[in-house]
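Data first, discussion second: the structure below is written as C-alpha cells.
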Amino acid sequence: MRKSFALGLGLTAALVATAALARPPGPDEIGEFYFYYDAAGNVVGQAELSCAGVYSESGVRTAKYSSGHMTCPPPRD
C-alpha cells in the first residue's frame with residue numbers, strides 16, 4: 001500500500017513538472033506579441049507585452065504559434 005502510494009505520488013509530481021516545462025513561449029520583451037493556433041490554423045490565444053510594459057494574455061497557449069514586435073515610440077524624457 002505504501003509503495004503504490006509513493007509511486008503514484010512520484011508519477012503525479014513528474015507529470016506536473018513535465019506540464020510546467022512544456023508550456024509554449026510567451027512575450028518577454030517590451031512590444032513583443034504571440035498568437036497561438038489550433039490544428040486547423042485558427043487563432044485560439046494571444047499574449048503581449050505592450051510598449052508600456054503591460055502584460056496581457058487571453059485564450060490558450062498551443063505548440064503552434066507566431067510572434068512579432070510592435071513599433072513602439074521612443075521614451076519621452
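What is the local net charge at Glu57, summed over the other residues whose Cβ is closer than 12 Å to its Cβ (Lys, Arg +1; Asp, Glu -1)?
Values: positive: Arg23, Arg61; negative: Glu48.
My count for the surroundings of Glu57 gives +1.
Count charges around Thr71 for me, please; just the other residues with Cβ under 15 Å from its Cβ, Lys/Arg as +1, Asp/Glu as -1. Show your work: numbers first, answer last.
On the way: positive: none; negative: Glu29, Glu32, Glu48.
Net charge in that neighbourhood comes out at -3.
Every number here is computed from the coordinates shown, using simple stated rules; none is lab data. Source: prediction; values computed, not measured. Using ideal geometry, Cβ is built from the backbone for each residue, glycine included, and neighbour counts are taken over all protein chains shown.
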